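The values are calculated or read from the model by the stated rules, or taken from the named source; none is laboratory data. None of these values were measured; they are calculated from a predicted model. FYI the Cβ positions are ideal-geometry reconstructions off the backbone, even for glycines, and counts take in every protein chain you see.
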Amino acid sequence: MSVMIKVDNLKKIYGSGFEALKGVSIEIKKGEIIALLGPNGAGKTTLISTICGITVPSSGSVLVGGYDIAKDYRHTREMIGLVPQEIALEPFEAVISTVRFSRGLFGKPRNDAYIEKILRQLSLWDKKDAKIRELSGGMKRRVLIAKALSHEPQVLFLDEPTAGVDVELRKDMWDVVSDLKASGVTIILTTHYIEEAEEIADRIGVINHGEILLVQEKETLMQQLGQKQLRIDLSEPVHSVPDALAQYGLDLAPDGASLLYTYDATGERTGITTLLADLQSAGLVMTDIQTQQSSLEDIFVGLVKEKQ
Amino acid sequence: MNISAIKSIYVYEMARFFRTLAQSFLSPVLSTCLYFVVFGTAIGSRIDTVDGVSYGAFIVPGLIMLSVMTQSTSNASFGIYFPKFIGTIYELLSAPVNFLEIVIGYVGAAATKSMFIGLVILATSFFFVDITIQHPFAMIAFLTLTCLSFSLLGFIIGIWAGNFEQLQLIPLLVITPLVFLGGSFYSISMLPPIWQTITLFNPVVYLISGFRWSFFGEADVDVTISLIAIGGFTLLCMAVIWWIFKTGYKIRS
């Protein structure tokens, strides 16, 4: 898979002296969906703004489709669509005219058939003549996506696309993103919602304090860093973990009816077999047993804490 | 050059003008009528001719200039300030456009609007006074250059302004007084000598004088100087805007 975006040692120091990006390097492959996770102020939006040309980098370079964002800004910007974090739309403008405006601004000739296609895809066609101020928050966010897609970009940046959006609309947006990926668009999204990254991303990047902490295939990341938990439900509650089981570092559920065993799923020996044998020896009777994979959120929180 | 972008910005801005056509059109017509009633009829009837021109006709170029300068400035400043205020400027900054294309789009639209208003005022004045325009091409040239240069100035103000108060500050406190004191309603030859000299430091004098010359063939200052003044002012504004986009002043962090 060829590289669509290459960010090399990108730094951004604002006038106040605040270092928003501390030498960020990342390669984004053509046609993938990459989610950038990070707490507020991590540098996600600065990174996106710099690639899009809104923020001027202090040093470093960015290539989009092989073109430099400074020297060949026309080429790179034509390739990029941006959905900003804030809902920024002219309230008195009609939906269709603001989308047409975006297309023209990016140098594309008028194409009503294409505009109709994306408005239909985003369930906005019925609202095409409505003024922006008459739309709900979710609809406005769809308009932002329509504007970003209006010039048929090869790269789409979604900066917190589903912030403040209800669950149903969020799922709709994920469908739209999946369709875009299928059509070959490279998608970079920043999000606070771990489940969003888990649901739709191919790769996950974790960014904090202006540094990329890691970039990994989602599945690999979860396999490598994911810890599993085994929950053993007991027929009779116990007051404490029996001494015979102390070596396993078990936790007792608050009601005393379950034992919790955390283990490394990728390890050579998980210790489950011996634990179950020792349980029987200790005279405990199991009624149920289940395992649980740690979520991306657990991984993310763990990583950010570790670096602090 | 991204012609499509220029056209999009221009059409988008003009659409705003047509959305508020009643305000855009009726307001200057009404204020011109009021000026004619007050200055032309009530006060003007007590004033002899100025430079051989009836007072009612004499104030027409000044009236047009007054509206054109204020409208150009406010249209252009609002045009670029509004996207900054509501946040849609991100789209402009991330689009494949250079500063010249942005300026042509916004300033072109603002200049067109104020030119339209200037011509509406001129048409309205025909209902009140008899006017013969001696140099119609020069009149159009002066009008166009004034619309352009003050729209450029408005664009700069719109970029500089951090809030709506600042947006109004320069038009209210600088431009309007300069226009009123720049010979809109009088010939500077009517002033005492010392004030004539002081008035010559007001750049607006040259614009109004040149514009008035195109109507009546009489000017307070040489027409060539007027042309140089307005040309120089336009270039100065262009240079400031070029610097703004080069440094990203107040638009690109």
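Considering only the stretch A:1-42, state which residues are touching a His at 6+ places or on another chain (Cβ under 8 Å) and either of a type in the set (D, E, K, R) or at pLDDT 90 or above (or both). A:Lys22 - this is the single residue of the stretch A:1-42 that is touching a His at 6+ places or on another chain (Cβ under 8 Å) and either of a type in the set (D, E, K, R) or at pLDDT 90 or above (or both).
Each row is one residue, and each column tells you yes or no for (1) away from chain B (no Cβ under 14 Å); (2) in contact (Cβ under 8 Å) with a residue 60 or more places away in the chain.
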| site | (1), (2) |
| --- | --- |
| A:Ala148 | no, yes |
| A:Leu169 | yes, no |
| A:Met173 | yes, no |
| A:Thr190 | yes, yes |
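Applying the criterion of at least 2 residues that are among the aliphatic types (A, V, I, L, M) and either at the interface with chain B (Cβ under 7 Å from one of its Cβ atoms) or in contact with a helix residue (DSSP H, G or I) (Cβ under 9 Å, 6 or more places away or on another chain) (or both) to the helices (runs of 4 or more DSSP H) found wholly in the stretch A:43-109 leaves A:95-105.
Condition test on B:Ala161, is it of a type in the set (Gly, Ala, Ser) and without any contact (Cβ under 8 Å) to a residue 24 or more places away in the chain? Spelling it out, it is not the case that B:Ala161 is of a type in the set (Gly, Ala, Ser) and without any contact (Cβ under 8 Å) to a residue 24 or more places away in the chain. Restricting the stretch B:95-135 to residues that are assigned to a loop (DSSP other than H, G, I, E, B) and among the hydrophobic types (A, V, I, L, M, F, W, C) leaves a set whose member that is surrounded by the most Cβ atoms within 10 Å (Cβ to Cβ) is B:Ala95.
The listed residues are B:Lys246, B:Lys250, and the only one of them that is outside any loop (DSSP other than H, G, I, E, B) and modelled with pLDDT under 85 turns out to be B:Lys246. Considering only residues in the stretch B:165-221 that are hydrophobic (A, V, I, L, M, F, W, C) and not in a helix (DSSP H, G or I), the one that is nearest to B:Ile133 (Cα to Cα) turns out to be B:Ala219. Scanning the stretch A:65-96 for residues that are over 26 Å from A:Thr162 (Cβ atoms) and among the charged types (D, E, K, R) returns A:Asp68, A:Lys71, A:Asp72, A:Arg74, A:Glu78.
Number of residues in the stretch A:31-62 that are surrounded by fewer than 19 Cβ atoms within 10 Å (Cβ to Cβ) and either over 17 Å from the mean Cα position of the chain (by Cα) or within 14 Å of A:Val206 (Cα to Cα) (or both): the value is 8. When each of B:Gly79, B:Gly44 is tested for being touching a residue at least 40 places away in the same chain (Cβ under 8 Å) and surrounded by 14 or more Cβ atoms within 10 Å (Cβ to Cβ), the lone residue that passes is B:Gly79. Is it the case that some residue within the stretch B:15-25 is touching a Lys or Arg at 6+ places or on another chain (Cβ under 9 Å), of a type in the set (A, V, I, L, M, F, W, C), within 14 Å of chain A (Cβ to nearest Cβ) and part of a helix (DSSP H, G or I)? Checking the stretch B:15-25: at least one residue is touching a Lys or Arg at 6+ places or on another chain (Cβ under 9 Å), of a type in the set (A, V, I, L, M, F, W, C), within 14 Å of chain A (Cβ to nearest Cβ) and part of a helix (DSSP H, G or I). Against the list (1) in contact (Cβ under 8 Å) with a residue 60 or more places away in the chain; (2) surrounded by 22 or more Cβ atoms within 10 Å (Cβ to Cβ); (3) among the aliphatic types (A, V, I, L, M), the condition B:Val29 fails is (2). Checking each residue of the stretch B:77-86 against the condition of being assigned to a helix (DSSP H, G or I) and over 18 Å from B:Phe155 (Cβ atoms) gives no match. For the stretch B:93-150, a tally of residues being touching a Leu at 6+ places or on another chain (Cβ under 6 Å), more than 14 Å from every other protein chain (Cβ to nearest Cβ) and not β-branched (Val, Ile, Thr) returns 2.
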